[in-house]
Amino acid sequence: MKQGAGARGHGGCPRAWAKRRQQTGNSDERTRRCRPVARDDSAFPLPQRDAAVKESRSAPGGVQGDVPPGRLHPEPRYHPKDPRAVELQVSRLYHEANKVLEEAVSPEKLKDNPYRGKPLRFEENPFEGDLGMAHRLLKNTGHTLPWIATKKEIIDERRAIEQAIDDHIAWVEQRVARYLQLSSGEAEPPGPDASPQAEPARRFSLRALLPWRRRPGAKAGAGPAPLEEKERLRRDVLEGHSRFVEHLRERVAGLRKVIERYNLEVPLFDQQLPNVRPEEYAARVEARARDLLARLGAGAER
């Protein structure tokens with residue numbers, strides 16, 4: 001019995017020992033470990049500080065009541081390559097970025113915004129992903145991405161080549177029609193500027209151009225054209241067609257190099273353009289002009 005009483009008298013009961021320590025303010029090693037350490041808040045992120053305060057309040061034997069912001073547990077020191085150190089650094093940067101964004105969107109910063117109270121102009125953008133926003137921002141400021149400008153130049157050049165082919169075929173048709181008129185001995189039809197009042201006189205004059213109705217004193221220009229003029233016209237058509245085909249090959253070859261460089265620089269796979277071949281364009285022109293050039297040979301046989 002005395003041993004039990006002596007044990008209880010010397011603080012053998014845990015409850016009595018804890019109560020006596022709380023009353024006397026015993027500052028042993030274990031008590032000092034539980035006390036928070038003052039440190040600077042600038043190097044301690046706000047979210048982590050709040051989490052540390054909550055953890056210290058909820059932990060058994062930890063800090064109770066309100067804790068001053070400057071008295072926190074010491075920040076653990078990790079190796080720079082430790083994932084926990086990297087995570088801590090990312091948390092700091094995230095907190096600093098949020099602080100900068102909060103200052104940027106504050107009413108004091110936005111009161112001088114020229115677009116305040118105006119609807120945003122969202123235009124349909126063919127480019128997907130994050131590049132769509134970049135394209136919209138550059139377009140609003142009057143600029144564009146380099147590969148977008150290159151694509152526009154390629155499309156314009158292809159349209160210009162197609163238009164040049166159509167113009168050349170129209171020129172060949174006009175020359176061939178003139179050649180056939182000279183071969184048949186017919187006069188050149190009036191231009192579009194001919195007035196309607198001159199129509200009766202023109203019909204009357206055509207009667208004098210017919211072989212069996214031609215007057216003896218008719219002008220030489222009203223008869224069949226000389227052979228030299230026909231041959232010169234035929235030679236001009238053939239040489240002009242050959243020069244155009246050669247120029248077309250060089251132009252398409254240059255466009256092919258631009259498309260190859262563009263397909264290597266464009267960041268989106270679906271924005272690449274099909275390449276062109278000079279042989280295909282030359283074959284298309286030859287196919288469209290084959291019948292017209294054949295008429296020159298038929299007219300030369302007359």
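Just the residues that are acidic (D, E) and either closer than 27 Å to T141 by Cβ or touching a Lys or Arg at 6+ places or on another chain (Cβ under 7 Å) (or both), please, taken from the stretch 78-119.
Step one: of the stretch 78-119, the residues acidic (D, E) are 82, 87, 96, 102-103, 108, 112.
If the condition is that a residue be acidic (D, E) and either closer than 27 Å to T141 by Cβ or touching a Lys or Arg at 6+ places or on another chain (Cβ under 7 Å) (or both), then E102, E103, E108, D112 are the ones that fit.
Residue check: is L296 of a type in the set (A, V, I, L, M, F, W, C) and either within 18 Å of R159 (Cα to Cα) or modelled with pLDDT of 90 or more (or both)? So that I can check it myself, show each step before the final result.
Values: of a type in the set (A, V, I, L, M, F, W, C): yes; either within 18 Å of R159 (Cα to Cα) or modelled with pLDDT of 90 or more (or both): no.
No; evaluated as a whole, the condition is false for this residue.
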**Study point:** Selection within the stretch 251-302 - in contact (Cβ under 8 Å) with a residue 24 or more places away in the chain and part of a loop (DSSP other than H, G, I, E, B)
**Key:** V266, P267, L268, L273, V276, R277, R302
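Yes/no matrix, rows are residues, columns are (1) under 30 Å from A282 (Cα atoms); (2) modelled with pLDDT under 85:
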| site | (1), (2) |
| --- | --- |
| Y78 | no, yes |
| S91 | no, no |
| L101 | no, no |
| V105 | no, yes |
| K118 | no, yes |
| G129 | no, yes |
| I154 | yes, no |
| D166 | yes, no |
| V172 | yes, no |
Study note, to complete from the structure: Out of (1) outside the structural domain of L293 (by TED's automatic domain parsing); (2) modelled with pLDDT of 80 or more, the one R214 does not meet is (2)
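The values are calculated or read from the model by the stated rules, or taken from the named source; none is laboratory data. Since the model is a prediction, treat every value here as computed from it, not as a measurement. Ideal geometry is used to build each Cβ from the backbone, glycine not excepted, and the neighbour counts take in all protein chains shown.
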